[in-house]
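Here's the structure we're looking at; comments come further down.
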Amino acid sequence: MAATTEAKRKGELKMLETARYFFDEAAKKLKLEDSLIELLRYPKRRLIVNFPVRMDNGKVMNFEGYRVQCHPVLGPGKGGIRYHPDTTLDEVEALAVLMNWKCAVAGLPFSGAKGGVRCNPKEMSVGELERLTRRYAAEIAPIIGPDVDIPAPDVYTSSREMAWIVDTISMHHNGEFMPGLVTGKPILLGGSLGRETATARGGFFCTLEALKHLNMKLEGATVAIQGFGNAGSYYAQFVQEAGAKIIAISDSKGGIYNSKGLDYKAVLAFKKETGTVVGFKGADKITNEELLELQCDILAPSALEDQLHERNAPKVKAKVICELANGPTTKEADAILHERNIFVIPDILANAGGVTVSYFEWVQDRYRYFWDAERVDERLKIFMTEAFKRVLDMHLKHKVDMRTAAFMTAVSRVAEAARARGMYP
Ligand code: GLU
C-alpha cells in the first residue's frame, strides 16, 4: 500500500477525481438538470478541526481532523471515521461522496458523510487514542447527532472508539445516553449483532449474485484478497466456508501465496500472534502489487484506495473484482477492466453491507429493541440482493459498466428526492 501513501503525500490521490467523474457520467446519462448537478457534485459542509492531545510523555501534540457532509437529501449524514497518517480533507471528501451514493444504492434513508483524523494509531497508546477520540468527538459535536449525522468505524477505528464518542457526547448532555449517535458500538451499548461481519457478508452476497449472473460457481473458485482487516478477513471466512480456495492474502506489510490454498483460520491466528500475514509457513512471499495481478477467479481489494490503476489494470487476471475497500480502482483502471470484460462489483455496492447493518443498528437503538443475529443477516441478504439486482438491471438496460450503473441507480434516487423536497426558501 506504499503506492497510496506516496500518492497522498504528493497530493495525487485519484479517488475524489474518480468519484466526481462517475457522478458526472451518471448525471449525463440521466440528463440531470444543471442546478442539481451543481448541488450534488459537492458536499454541503467540510469541517477542519485542529486540536491538542496530551501524549503519555507529558508533551502536547496537535492533530488535524475532518468531518465532511453531503447534502442531507435522503436523511441524516452517515459514514465512518478513519485514523490514518495520510488522511487528508480531499480523501475524507471523496469518502463522504462515496458514502452518499452507497447509502442511496443500498436504499437507506441516509446521506453521505465521513470523518478522519491524521494520526498514526499504530504508534499511539490506548490512553493517547482515547484522549484523541474524546477531543475529536468534542470538536465535531456541533455538527453530529442521531438525526443529523451519525458516525461509525472505518480504517483503524472500531467499537472501542465508538463507545468513547457516545460517552463523551453524553457527558455534554447531562449524561443523556444517545445510542443512535454512532453505529458500530459494542453490543452492550446498543450495538447490533452482525455489524462486525456485515461489510464482508454484504460483499459475499454480491459475489454470489455476480457469479450467478456470470454462470460461475463459488465452489472451487480461486480468490485473492488484498487487505486482512475487518472486511478482508471475514470475507476470507465466508468464501472459504462456501467452498472457494483462497490462494493469496496480504496486509500492509506484504502478502502470501499458495496455489494449493490458504486456510483463513490459520492465517488469522498467525497474524494475531505476529502482527502480519508475512512469514506464514507453507506459503510464498509476494508483494501487494503482485497479489493484484495473480491468476484467480475473484480478486477482493479490501485495503485502501487507488490500488488498481492504469499501470496494473492491463495485467489483472481475475474474472470478478469485489471491491470491499472504498475507492480501490481509479477511473482509468475502471475503463481498462471494463474493456477487458472483467466484472467489477463497485465499492458503493460491494461494501454497502457495513452501512446497511449500521442502519439496522440505528433502527434498533431508536426503539430500544434488539434483533437476533439471524434476523440481521437475513435482512442484510434481502437488502444486498435487491441492491445488486437494481444495479445489474441498470447495467443491462443502459449497457453501461457496473460502476456507472451503480452511480446511475444512486444519483437518480437522490435527484428524485431532491426534486420532491424542492428548495428553501
Ligand atoms: N465505514 C464504513 C463504510 O465505509 C461504514 C460506515 C457506516 O456504517 O456508517 O461504508
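The values are calculated or read from the model by the stated rules, or taken from the named source; none is laboratory data. Predicted, not measured: the structure shown is a model, and the values here were computed from it. Neighbour counts are summed over all protein chains in view; Cβ atoms, including those assigned to glycine, are modelled from backbone coordinates with ideal geometry.
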Every listed condition ((1) within 21 Å of L132 (Cα to Cα); (2) among the aliphatic types (A, V, I, L, M); (3) in a loop (DSSP other than H, G, I, E, B)) holds for L193 save (1)
Residues of the range 269-290 being of a type outside the set (S, T, Y), more than 23 Å from E305 (Cα to Cα) and surrounded by fewer than 18 Cβ atoms within 10 Å (Cβ to Cβ), in sequence order, are A269, K272, E273, G279, K281, G282, D284
Residue check for K389: of a type in the set (K, R), within 16 Å of A405 (Cα to Cα) and out of contact with any helix residue (DSSP H, G or I) (no Cβ under 7 Å at 6 or more places or on another chain):
yes
Determine which single condition V117 fails, assuming it passes every other condition in (1) free of Cβ contacts under 8 Å to residues at least 60 places away in the same chain; (2) away from the ligand (no atom under 11 Å from the Cβ); (3) in contact with a strand residue (DSSP E or B) (Cβ under 7 Å, 6 or more places away or on another chain); (4) in a helix (DSSP H, G or I).
(4)
Picked from the range 66-82 (must be basic (K, R) and within 11 Å of the ligand (Cβ to nearest atom)), the residue surrounded by the fewest Cβ atoms within 10 Å (Cβ to Cβ) is R82
When the range 172-213 is checked residue by residue, the ones that are surrounded by fewer than 24 Cβ atoms within 10 Å (Cβ to Cβ) and of a type in the set (V, I, T) are I187
Considering the range 86-120, residues that are of a type outside the set (A, V, I, L, M, F, W, C) and in contact with a Ser or Thr (Cβ under 8 Å, 6 or more places away or on another chain), and then whichever is surrounded by the most Cβ atoms within 10 Å (Cβ to Cβ), we arrive at N100
When only residues in the range 318-334 that are away from the ligand (no atom under 14 Å from the Cβ) and among the small types (G, A, S) count, which is nearest to A210 (Cα to Cα)?
A318
Name the residue that is surrounded by the most Cβ atoms within 10 Å (Cβ to Cβ), counting only residues in the range 355-371 that are outside any loop (DSSP other than H, G, I, E, B) and among the charged types (D, E, K, R).
E361
Out of (1) buried (at least 24 other Cβ atoms within 10 Å of the Cβ); (2) away from the ligand (no atom under 12 Å from the Cβ); (3) β-branched (V, I, T), the odd one out for V60 is which?
(1)
Filter the range 52-76 for residues that are among the β-branched types (V, I, T) and not in a strand (DSSP E or B) and give the result.
V73
Inspect the range 372-385 for any residue being over 17 Å from F23 (Cα atoms), more than 16 Å from the ligand (Cβ to nearest atom) and not in a helix (DSSP H, G or I) and give the result as yes or no.
yes
Six or more apart or on different chains, Cβ atoms under 7 Å: show the pairs whose first residue is in the range 357-370 and under 14 Å from K185 (Cβ atoms) and at pLDDT 95 or above and whose second is small (G, A, S) and within 10 Å of the ligand (Cβ to nearest atom).
V357/A198; S358/A152; S358/G184
Test of understanding: among A300, A283, which residue is at pLDDT 95 or above, of a type in the set (A, V, I, L, M, F, W, C) and out of contact with any helix residue (DSSP H, G or I) (no Cβ under 6 Å at 6 or more places or on another chain)?
A283
Restrict the check to the range 335-345 and report whether at least one residue is of a type in the set (F, W, Y), away from the ligand (no atom under 15 Å from the Cβ) and outside any helix (DSSP H, G or I).
yes
State whether one or more residues within the range 174-187 are on the phi > 0 side of the Ramachandran plot, among the polar types (S, T, N, Q) and assigned to a loop (DSSP other than H, G, I, E, B).
yes
Test each condition in (1) more than 24 Å from P301 (Cα to Cα); (2) of a type outside the set (K, R); (3) touching a residue at least 24 places away in the same chain (Cβ under 8 Å) for E176 and report the one that comes out false.
(3)
Quick test for you: out of A352, A405, pick the one residue that is within 14 Å of the ligand (Cβ to nearest atom), among the hydrophobic types (A, V, I, L, M, F, W, C), crowded, with 20+ Cβ neighbours inside 10 Å and under 30 Å from T87 (Cα atoms).
A352
Those residues that are assigned to a helix (DSSP H, G or I) and among the hydroxyl-bearing types (S, T, Y), I need them from the range 120-160; list them, please.
T133, Y136, S159
The lone exception for H398 - which of (1) within 24 Å of T183 (Cα to Cα); (2) out of contact with any Gly (no Cβ under 6 Å at 6 or more places or on another chain) it fails
(1)
